[in-house]
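Below: one structure, written as structure tokens.
The values are calculated or read from the model by the stated rules, or taken from the named source; none is laboratory data. Keep in mind that what you see is a predicted model, and the values were worked out from it rather than measured. All Cβ positions, glycine included, derive from the backbone under ideal geometry; neighbour counts span all protein chains shown. Ligands, DNA and RNA are excluded from the accessible area calculation, which covers all protein heavy atoms including side chains. Shrake-Rupley method; radii C 1.70, N 1.55, O 1.52, S 1.80 Å.
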Amino acid sequence: MTMKAVVSYDKQSSQVWQRISAENFPQRSATIDKQLLVGMGTCHELSVSGSNRSGPAEDKAMFELTGWVVMKDSIVTPSSVGQEALEPDCYTILTQNPFESGLKRMSVIVRADAETKSEHLVFVKGAPEVICSLCRRSGQPKSDKLKQELSYWTKQGCRVLALAWKRLKTKSPAGLKRVQVERNLKFLGLLVMTSDLKEMTEPVISELHDASIRTVMV
């Protein structure tokens with residue numbers, strides 16, 4: 001799985017969609033919503049053991065694009081490559097609600113630690129139509145604009161996930177149920193990914209084609 005692009009959604013600019021290719025992301029990441037970048041750095045199911053990072057392929061691709069670093073005990077620190085240093089500069093993943101196929105989403109509760117204060121943030125990632133249904137009306141894109149954007153990428157064979165967020169007002173989120181956490185969100189943007197063919201796949205398909213054997217992707 002490879003990140004192809006990040007599509008930042010800006011409600012303040014007449015619902016403008018800003019497409020940033022993966023190749024240009026390090027240089028242009030400072031132009032997107034800060035919370036979209038924080039969501040990419042924290043809303044994942046990665047685990048770290050020494051120098052090894054394990055977890056879903058799409059999570060690896062998303063996280064590696066940020067250039068962030070996962071420390072021990074789920075502490076994530078931003079990178080300043082291609083952008084101004086982020087404040088706060090330390091994010092701790094307190095709660096991780098794993099992806100469920102029935103819900104088509106995952107979520108995290110993150111503590112953002114600054115010098116003067118800390119706050120709790122929620123990030124939810126999943127199928128675009130599901131994420132939109134969890135966003136408050138004032139915080140979601142127009143359906144026709146979203147459909148156009150999704151159509152553009154899916155016609156290229158890409159997998160598209162959406163990301164949304166909110167601040168928690170409570171100072172102690174430990175007792176919150178998942179249904180309480182994953183609602184009244186604000187839409188952030190889209191994560192566009194491609195599934196790369198394995199090195200051995202292309203010659204096999206060519207061999208089948210030469211033998212007049214029809215191949216179908218299911």
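Numbers below:
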read-out	value
Entirely in the range 1-73, the helices (runs of 4 or more DSSP H) that have 3 or more residues that are crowded, with 19+ Cβ neighbours inside 10 Å and at pLDDT 90 or above	34-42, 57-66
Residues of the range 173-198 satisfying the condition of being open to solvent by less than 80 Å² (accessible area, probe 1.4 Å) and free of Cβ contacts under 8 Å to residues at least 12 places away in the same chain	Gly175, Gln180
Qualifying positions in the range 74-97 - among the hydrophobic types (A, V, I, L, M, F, W, C) and modelled with pLDDT of 70 or more	Ile75, Val76, Cys90, Ile93, Leu94
